[in-house]
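Supplied in structure tokens, the structure appears directly below.
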Amino acid sequence: MTTPTYNELLQMPQWRTKRKEILLRDGNKCRSCGTKGNLHIHHRQYHANSKTGLQVLPWKYKNDLLVALCANCHRAGHSLYQIKTFSY
């Protein structure tokens, strides 16, 4: 079995459920600018398993490490730190 890509992980039911939970918590709007369209869920940090080095699955993060952002705010935030923005 091959390891799924990050984009494939974001298509899985576990992520869809977590995404809906965060959108509901954040009022279905960007926490930065208040926009209600084209929302992403941003991971404030990325974690890896200390034993395996594998990235933690997107839906395994605590909710306080996830935030709803519009595509523009998400892209802008990542560009400040030169971190790749994953989308689906």
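Mind listing whichever residues of the stretch 65-77 are touching a residue at least 12 places away in the same chain (Cβ under 8 Å) and assigned to a helix (DSSP H, G or I)? If you could, list the steps in order and put the result at the bottom.
First pass over the stretch 65-77, keeping only residues touching a residue at least 12 places away in the same chain (Cβ under 8 Å): 65-74, 77.
Of everything in the stretch 65-77, those that are touching a residue at least 12 places away in the same chain (Cβ under 8 Å) and assigned to a helix (DSSP H, G or I) turn out to be LEU65, ALA71, ASN72, CYS73, HIS74, GLY77.
Still on this structure, please answer the following. Just one of (1) in contact (Cβ under 8 Å) with a residue 12 or more places away in the chain; (2) surrounded by 13 or more Cβ atoms within 10 Å (Cβ to Cβ); (3) within 22 Å of GLY77 (Cα to Cα) trips up ARG44, so point out which.
With (1) in contact (Cβ under 8 Å) with a residue 12 or more places away in the chain; (2) surrounded by 13 or more Cβ atoms within 10 Å (Cβ to Cβ); (3) within 22 Å of GLY77 (Cα to Cα) applied to ARG44, the lone miss is (2).
In addition: Name the single residue that is farthest from the chain's Cα centre (by Cα) among those in the stretch 9-56 being of a type in the set (Lys, Arg) and part of a loop (DSSP other than H, G, I, E, B).
LYS51
Is it the case that the stretch 48-65 has a residue that's loosely packed, with under 12 Cβ neighbours inside 10 Å and among the aliphatic types (A, V, I, L, M)?
Checked against the condition, which is being loosely packed, with under 12 Cβ neighbours inside 10 Å and among the aliphatic types (A, V, I, L, M), the stretch 48-65 yields at least one hit.
If you don't mind, another one. When you go through LEU57, LEU69 one by one, which is the residue that is touching a helix residue (DSSP H, G or I) at 6+ places or on another chain (Cβ under 9 Å) and more than 18 Å from LEU9 (Cβ to Cβ)?
LEU69
Read-outs throughout are calculated quantities, based only on the coordinates presented, and are distinct from any laboratory measurement. Predicted model only: the values in this text are computed from it and were never measured. Ideal geometry is used to build each Cβ from the backbone, glycine not excepted, and the neighbour counts take in all protein chains shown.
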